[in-house]
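Notes for the one structure printed next.
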Amino acid sequence: MSNYTGAKCEYCHKVFSDKDDIVVCPECGSPYHRACFEQAGECVNHELHEKGGSWTAASEGEGESDGDIRCPRCGESNPSTGIFCTRCGMPLRFDAGERPFNGTAQPGQSQNGQGFGNNGQGFGMGRGFGGGFGGFGPGQPGNFGMPFQGEQINKDTDIDGNSVGEYVKFAGSNPIYFIMQFIRFAKTHIKYSVNFVALFFTEFYFFYRKMYKQGIIAFVSLTLLSVPYIVTLLGTGMIANVSMPSFMVDNENTVRLVLNICSLLSCGIRVLFGLMANYWYYSKARKTLGEIKNNALDEERKNDMIAKNGGTSIQALIVSVTVYFAVVVAVLMIAVAL
């Protein structure tokens, strides 16, 4: 591979030496360090692919001035002073200085702040429901390398015995949000933070995140507390020729008191679960990753177990929503029968 000596890797932009293990994209010929190509999961020279061209040593610097930075996601050429890609917004570099997370240099740290991806899918804020609050939806494609309170964070950074990369695989979607929360918990020992999706959609969020114990507790508690309110809906005329049970009509003040108590308890449960959701998820991730690694599995099997126990479950979300509406209908039918 001596013909690539002096050229730059399209991913990390480091100059190749004679000893480097180099691979090239089979479509456009762009060269990479083997580890960089496996890390990216795809050829990042998208601009060349769009043009249908082929990489040559002479064309590597074409259209770029000295010191320009090529975006590792879309291949766009950016000024050397740029921090974010002008085309796709990908972070280009972060210079955090010598301030590692655990007081020692973290391996795998790059000058451009480039971290890692999972088959081309790296850190990004959620695009689906819940946005930046750890909600529903996949992360943006890309790579990750960024500072946290002046300290450089990458895939090998240790958080309470597990690496950032392992936590990312466990979280699945919306990893930036969760990693920042996990680091905060580990460094400050604070056990609460606001998760707005868990606050407003408590009985469903925990099923979506496979936190079934908390999900069942929240679902049962909030469903039972909503029963008096559901029954009072009969008094609004939502069902023709059907009214509230007579014992509720005859005890209006008591009913109002019960509704107020149930409302306060429901709000209290939602606030508690909304504040603790991220810490409980961190505890689950830390415990699960530790158990998986203790089984001494090979890398492929380990990743399969992390994906199975972590990530999200649309099926559990759908089941919880379906059961909730079934309970509402059942309560209404019972109230009508009374």
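Do we find a residue being modelled with pLDDT of 80 or more, among the small types (Gly, Ala, Ser) and part of a helix (DSSP H, G or I) anywhere in the stretch 185-205?
Yes, the conditions are met somewhere in the stretch 185-205.
So, of the residues in the stretch 167-177 that are in a helix (DSSP H, G or I) and either assigned by TED's automatic domain parsing to the domain that holds Lys210 or out of contact with any strand residue (DSSP E or B) (no Cβ under 9 Å at 6 or more places or on another chain) (or both), which turns out to be nearest to Thr312 (Cα to Cα)?
Among those residues, the one meeting the criterion is Ala171.
Taking the stretch 182-197 as the search range and keeping residues that are buried (at least 19 other Cβ atoms within 10 Å of the Cβ) and under 19 Å from Gly290 (Cα atoms), which one is nearest to the chain's Cα centre (by Cα)?
Filtering first and then ranking leaves Phe182.
Based on what the data block shows, is Leu289 hydrophobic (A, V, I, L, M, F, W, C), under 29 Å from Thr232 (Cβ atoms), touching a residue at least 24 places away in the same chain (Cβ under 8 Å) and surrounded by 14 or more Cβ atoms within 10 Å (Cβ to Cβ)?
no
The values are calculated or read from the model by the stated rules, or taken from the named source; none is laboratory data. Please read all numbers here as calculations on a predicted model, not as lab measurements. Glycine gets a Cβ as well: all are built from the backbone with ideal geometry, and neighbour counts include every protein chain shown.
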